[in-house]
Every structure is written in structure tokens, then in C-alpha cells.
1. Scan around Glu80 for amide H atoms under 5 Å from its own, H built in the peptide plane at 1.01 Å from N, and keep only partners 5 or more places away or cross-chain.
2. I need the semi-axes of the equivalent ellipsoid of the stretch 276-399: take the C-alpha gyration tensor, multiply each eigenvalue by 5, square-root it, list largest first in whole angstrom.
3. Find the centroid of the Cα atoms in the stretch 22-44 and in the stretch 107-178, then give the distance between the two in whole Å.
4. Give the residue from Ser194, Ala116, Leu231 lying farthest towards the positive end of the charge dipole for the stretch 61-291; charges sit on Cβ (+1 for Lys and Arg, -1 for Asp and Glu) and the dipole is referred to the Cα centre.
5. Over the chain, what relative contact order in percent results from Cα pairs under 8 Å that are six or more residues apart?
6. Within a Cβ distance under 13 Å of Tyr223, other residues only, what is the Lys/Arg minus Asp/Glu net charge?
7. Please compute the length gained on full extension between Ser194 and Asp261, using 0.36 nm multiplied by the number of residues separating them and subtracting their Cα-Cα distance.
8. Return the inverse of the average 1/r over all pairs of distinct C-alpha atoms in the stretch 61-291, which is the Kirkwood hydrodynamic radius, in Å to one decimal.
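Values in this text are rule-based calculations from the coordinates and carry no lab data. It should be emphasised that the depicted structure is a prediction, and the values quoted were computed from it without experimental measurement. Heads up, the Cβs are rebuilt from the backbone with ideal geometry, glycines too, and the neighbour counts pull from every protein chain shown.
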Amino acid sequence: MGPGTRQIKIKADSEPVTPSARSRVDPFLAMDVLDRANALGRAGRTVFHLEAGQPGTPAPQRALDAAQTALRGESLGYTESLGRPALRERIARYYRETHRVDIAPERVVITTGSSAGFLLAFISLFEAGQSLALAVPGYPAYRNIAQALDLKPHFIPCREAEQFRLTADAIGQARGIDGVLIASPSNPCGTVISPDDLAAIVDVCAVRKVSLISDEIYHGIAYGGRAQTALAYSRDVVVINSFSKYYSMTGWRIGWMVVPDDLVRTIERLTQSFYISPPTISQVAALAALDAADELDGHVRTYAANRSRLLAALQDAGFGSVAPADGAFYLYASVAPFGMDSATMAKRLLEEAGVAATPGHDFDPFEGDQWIRFSYAGAQNEVDAAAHALVAWCRNVRR
């Protein structure tokens, strides 16, 4: 060191850093199970991945081809904060063609996955301390993001008697709420809200003057007819969608929102500071993916076959009730016949049978210990092998 240079000594017994109270959210158990499953796989074990909501297929070929072309010929710098105009216009056309709903491309916001969409929606719609109504069971990130933003989750139980569906009547009876988040098809139950029920939910939210957010990231994956968008009934809702599920592009981290006109500039200012712009290469691929329906509908046929196979396996294995599973790619099943909670069952299933599944506490902090979620988004041969292993293990446990 030169003359005048000060040596800085770091004390070994320095005070530990204390995380903020709002950052102390629950872990996402599906990802914890995935980490352990991957570790077992690296150790040479055969593992069947039924834990993560991730398609076993790559991005559609059109998307891959477009991305490769862009890598060779584009600089891939920043785009507009709200996303490339061509992608926003194509998504507006998607709503015209698929749902017969006209929306202006200016209301479309391209996001870094649906997760960023929830963050932007919660911040732009609610003040700290306000209350957001959520269905239980439901996707855990809803309540965790809300908690991290100092919002108060208001849980509305949606049990087997309600077929795990959030209804307009339940929303109408909720007191002191400032917003409602619905999901159709839902995670973990796969339930689909009918068009009439969706219209009723939009109406009750309008009457009560509460903001409505509609999570539609599993649109395109349904087994009894296409799920309807909340945009068919109101211009004032916020819709969130993603290229992760139907489009098989989880790791590309690209999604979109459709927002009321009055929110566009507000959200634009937030995106400018949060992440400047969505990933350029992902926007290129997403635009091409919107024209890959033939390939993607083939994936849905695979999910339908996997659904049938796994439903039969759960019955053979001796599980209790199973949620309706009208869409998405999950089965949410009762573990009551096995005499153990779902966390114990998920751990034993993975360690002893190599079948990775997600404990229900992820989705329901109150009664989730009685339920477990299986994803059937993988390849048919993997789901079939997992079903064999699951049935054999369960029969042995119940013997």
C-alpha cells in the first residue's frame, strides 16, 4: 500500500443483517422440491418431475427460428418500456381472433413474465395497507407479493363444496376489500370459471367499486371449451397473461398485461425504473409463438392424455377427492386416506419412489396439509412412468 492509504478492517463479530418484516414471505415449496429433485437426479437417482408447473416441451419452433435469426442480425438493445409495438399489436389481434374482444394495442403492456405483471398491477392499483381478496387454495406468489408490498391478503375459502371456484356471491359477502384477484384456469386446482360466473364477478366488483385482476396465464389449456377473458365484460379490469404455460416459454420470462387506459402511463413509468424494457430476444420469440397454434395445441392434447392417465393412477393409488381439473395441467388431490400430512407424503414420495410433487401448504396455508399437487405437464412417457411408481408406492404404504 502507498503512503496515506488506509487499511479497512472488517470486524468478524459484526451484527447480523436483519431482513425487513415485509420480506419474510413463505418459501415457494414447489421450487424447494424441484431443487431437491434436481439434486437427487445429479446423484444418479431416477426422478419423475410432477412438482413444477413447467411444460416438458421447448418453445415452439417458430419462436426458436425467430430468436436464432435475431441473434444473427439484430443488436438486441433496449426496446420501448411497454414492449415492441409489433408484439403489442399482435396481442391485440389475438383478443379479436380468439375472444372477439376489441382492445387498443396501447393498452397492452409486455412484461418480464406474469410475475412482473402482478407486481405492476398491485403497485399501480393499491396503496400500502389496502386489502386484496384471494381465493384459497391459490397460487402462493399472490399472497407473497402482496405481503412484500404491504398489502393485506383477504382469504376467501373455496373448498370442495364450491368446486374450488371463487364466486360472485363470495366476493359480495367479503367485507373491507379493495381488490379481487381471480384465476381461470386456476393453479393448483385447474378450475375454470364459466362465462356467466365470470360476468357476475365483473359486475359485483363494479358495483362494489373494487379493482379486479384476472390471471389468465393458463388460457389455451382447457379440456371442455376455451376459458373466457374478463376483458369480454369490462374495460376496467386488469388482465395478466404469459408465454410460460400454453406457449412453453417459462425460462424466456415474457408475459403481458391488458390494462385500463388510465393506467397505461402509470405502469410505463414503473417499468422504466423496474427493468427498463422486457427482454428483447424474448419479445422476438413471443411474436413468432403467437402464430404457432398448431404445434401448441398438440401439446394440449398431450396434457389431456396425461391428465387421464394420472387421474386413473390417483384412483388406483387410493387418493381421496380430486379437484375438477378443467384446465391447466395440475391435479390437486386429498391425502386423507394415507394418514399423513402432505409435506410428509411429498418428502417420502420423492426420497422413496422418486416422484416429485408439491405439498398443498404452498397453495393453502390453512388446510393445505390435507392436499398435494401433481403437475402433468411433462412428456407422456415420464408421466406414465411416474404414475406406475406412484401407484406402487402408495399401495405399499397403505398395505
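1. none
2. 31, 18, 13
3. So the two Cα centres are separated by 24 Å.
4. Working it through, the farthest residue towards the positive pole turns out to be Ala116.
5. Details: 751 pairs, mean separation 94.1, N = 399.
This gives 24 percent for the chain.
6. Values: positive: Arg226, Arg301, Arg307; negative: Asp297, Asp326.
Surrounding charge for Tyr223 is +1.
7. Gain on stretching Ser194 to Asp261: 21.5 nm.
8. Result for the stretch 61-291, one decimal place: 17.9 Å.
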